[in-house]
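Reviewing the structure listed below.
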Amino acid sequence: MTPADLTAHPWFFCGIGGSGMLPLALILKGLGATIAGSDRGRDQGRSPEKFAWLEELGFALHPQDGSGITQGAQTLVASAAVEDTVPEVVRAKELGCARMSRAQLLATLFNAAGEGIAIGGTSGKSTVTGMTGWILTQTGADPTIMNGAVMKNFVSEDAPFASARVGKGRAFVSEVDESDGSIALYRPKVAALLNVSLDHKSMEELRRLFGDFLASAEIAAINLDDAESAALAHRAKAAITFGITNPNVRLRAGEIVEGPTSLQATVHDRLEGTRHELTLQVPGRHNLYNALAAIAASHAAGVPVADAVAALSSFAGLARRFDIVGTSPAGITVIDDFGHNPDKVAATLTTLKSHPGRVIAFFQPHGYGPLRQMGAELAQVIGWKLGANDVAILCDPVYFGGTVDRSEGSERIVRLIEEAGARAEYVPERSACADRIAEIAKAGDRIVVMGARDDTLTVFARDLLARLA
């Protein structure tokens, strides 16, 4: 399917406000397509400002009752997880509408671009996508960028939810997902592999998917400090390797100075014999790995290392990625963060524990299924990373409807955290969690709000800061 084919007929997005759907809808709209959509969140009154903005952009929004599906020429875009009983799916079948999953549409757009740069791995994809997109923008490539998070560098009054950018250049930068196996659909020129660890699939499945991903690209950027990624490096046709501890990588970071909200390091290019001073406005060693991945991926796409390093000095970060909401007059800092799997939560807590102050870690699991899949590992990470004075507070997993098994939830994870040696509390209702946090917070505390698949967590974090004022 060509870009012209994509704009030749109308589209309907089921769940248009979702982090995976919204940027795709923005990209298609930017190409000239006619788009309508619905979202359960809109019907429930969640994130009204987002849906008001979409309507201002010209998206026709409907209740999620099937009324927006009006003609057989429409293509329905719906997650593979959307059940056949959802009204849009029922109506689309009645009218004979074509259906594409989010992943199928993204892969079609990506593969139709001149130069696809795919960012893969268990953790860090959104940040590296944002960093790579910013480097290419700053160096004149005018890329299209598909991200699962709002990129602060591209936010403006006209684009408050800038999770996508539509450019006129040949480059298309996108994070690609292994959780549903759709990573196999992409044909990238450049494939970046950040790390490989347990998340939604078994390690055997992940090794196969990521190995095939590397083999599909003309050139790869590979983190050799990650043992699983390094073990797959032989699958790449050509590679630019990076790391911090491995002395044999092409791009290696040294002379690292970490601050509470920033980081400085020297990037050594072993092939060229050059050194480049890197300054980041985002903290944490995990973000240094993210920066190295973006530099390597951009260089694989033709950007000089020096130019890539220089561009990252103005990278502002992503919403909900160690996003400092503010500090109260009493000196209590609130941080909004996307941490939801063991690796991401470990990175966030490691960054927090690198600097003084008690940590209050609020965590809303992003579903009952994922909690069963990775709950034990998640509890171990929280138990190991938090100190004796810190506390984790968990509410029930996010649930917006459906038939998922809800028999096992956060109370089990709290028990496992305590068994791992940390203090944890289970408070079922999220609003009651805010009451509890406000009750125990004191000067010097860092409160981190963690979780995924729920835009209202940002509102929760802002409201929490306001209560502490």
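The values are calculated or read from the model by the stated rules, or taken from the named source; none is laboratory data. The model shown is predicted, which means the values in this text are computed figures rather than measured ones. Cβ: placed from backbone, ideal geometry, glycine included. Neighbour counts: every protein chain shown. Heads up: the accessible areas ignore ligands, DNA and RNA and are worked out on the full protein's heavy atoms, side chains in. Shrake-Rupley method; radii C 1.70, N 1.55, O 1.52, S 1.80 Å.
Among the residues of the stretch 276-287, those that are open to solvent by less than 10 Å² (accessible area, probe 1.4 Å) and within 14 Å of Ile135 (Cβ to Cβ) comprise Leu278, Leu280. Within the stretch 24-40, the set of residues being under 19 Å from Thr456 (Cβ atoms) and of a type outside the set (Gly, Ala, Ser) comprises Asp39, Arg40. Tallying residues that are more than 20 Å from Gly331 (Cα to Cα) and within 20 Å of the chain's Cα centre (by Cα) within the stretch 426-449 yields 0. Within the stretch 266-293, being in contact (Cβ under 8 Å) with a residue 24 or more places away in the chain and assigned to a loop (DSSP other than H, G, I, E, B) holds for Glu272, Gln281, Val282, Pro283, Gly284. For the stretch 110-117, state whether one or more residues are free of Cβ contacts under 8 Å to residues at least 60 places away in the same chain and more than 23 Å from Asp454 (Cβ to Cβ). Yes, there is a match, as at least one residue in the stretch 110-117 is free of Cβ contacts under 8 Å to residues at least 60 places away in the same chain and more than 23 Å from Asp454 (Cβ to Cβ).
Meeting the requirement of 1 or more residues that are small (Gly, Ala, Ser) and in contact (Cβ under 8 Å) with a residue 60 or more places away in the chain, the helices (runs of 4 or more DSSP H) wholly within the stretch 355-469 are 456-468. Take the conditions (1) surrounded by fewer than 14 Cβ atoms within 10 Å (Cβ to Cβ); (2) polar (S, T, N, Q); (3) at pLDDT 95 or above; (4) closer than 26 Å to Glu175 by Cα; Ser38 misses just one of them, which is (1). The requirement of being at pLDDT 95 or above and open to solvent by less than 30 Å² (accessible area, probe 1.4 Å) is fulfilled somewhere in the stretch 268-275, by at least one residue.
Might you let me know whether the stretch 437-447 holds any residue that is in contact with a Gly (Cβ under 9 Å, 6 or more places away or on another chain) and crowded, with 19+ Cβ neighbours inside 10 Å? Checked the stretch 437-447: at least one residue is in contact with a Gly (Cβ under 9 Å, 6 or more places away or on another chain) and crowded, with 19+ Cβ neighbours inside 10 Å.
Under the condition of being open to solvent by 40 Å² or more (accessible area, probe 1.4 Å), part of a loop (DSSP other than H, G, I, E, B) and closer than 28 Å to Glu56 by Cα, the residues counted in the stretch 162-183 number 2.
Is it true that Ala330 is in contact with a Lys or Arg (Cβ under 8 Å, 6 or more places away or on another chain) and open to solvent by 40 Å² or more (accessible area, probe 1.4 Å)? Yes; evaluated as a whole, the condition is true for this residue. In this structure, Asp336 does not satisfy being over 27 Å from Met203 (Cβ atoms), in contact with a Lys or Arg (Cβ under 9 Å, 6 or more places away or on another chain) and assigned to a loop (DSSP other than H, G, I, E, B).
Scan the stretch 26-61 for residues that are under 19 Å from Ser79 (Cα atoms), small (Gly, Ala, Ser) and in contact (Cβ under 8 Å) with a residue 40 or more places away in the chain and jot them down. Across the stretch 26-61, the qualifying residues are Ser38, Gly41. The lone criterion from (1) open to solvent by 40 Å² or more (accessible area, probe 1.4 Å); (2) in contact with a Phe, Trp or Tyr (Cβ under 8 Å, 6 or more places away or on another chain); (3) not in a helix (DSSP H, G or I) left unmet by Ile222 is number (1).
Listed here are the residues, each with its yes/no results for (1) crowded, with 18+ Cβ neighbours inside 10 Å; (2) assigned to a loop (DSSP other than H, G, I, E, B); (3) among the polar types (S, T, N, Q); (4) at pLDDT below 95.
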position: Ile117; (1), (2), (3), (4): yes, no, no, no
position: Thr122; (1), (2), (3), (4): yes, yes, yes, yes
position: Met131; (1), (2), (3), (4): yes, no, no, no
position: Thr137; (1), (2), (3), (4): yes, no, yes, no
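The residue that is surrounded by the fewest Cβ atoms within 10 Å (Cβ to Cβ), among those in the stretch 184-219 that are touching a residue at least 60 places away in the same chain (Cβ under 8 Å) and among the small types (Gly, Ala, Ser), is Ser197. When the residues of the stretch 12-25 are filtered to those that are out of contact with any Phe, Trp or Tyr (no Cβ under 9 Å at 6 or more places or on another chain) and under 16 Å from Ser67 (Cβ atoms), the one that is surrounded by the fewest Cβ atoms within 10 Å (Cβ to Cβ) is Gly15.
Picking from residues in the stretch 47-67 that are touching a Gly at 6+ places or on another chain (Cβ under 8 Å) and under 19 Å from Thr7 (Cβ atoms), the one that is surrounded by the fewest Cβ atoms within 10 Å (Cβ to Cβ) is Ala60.
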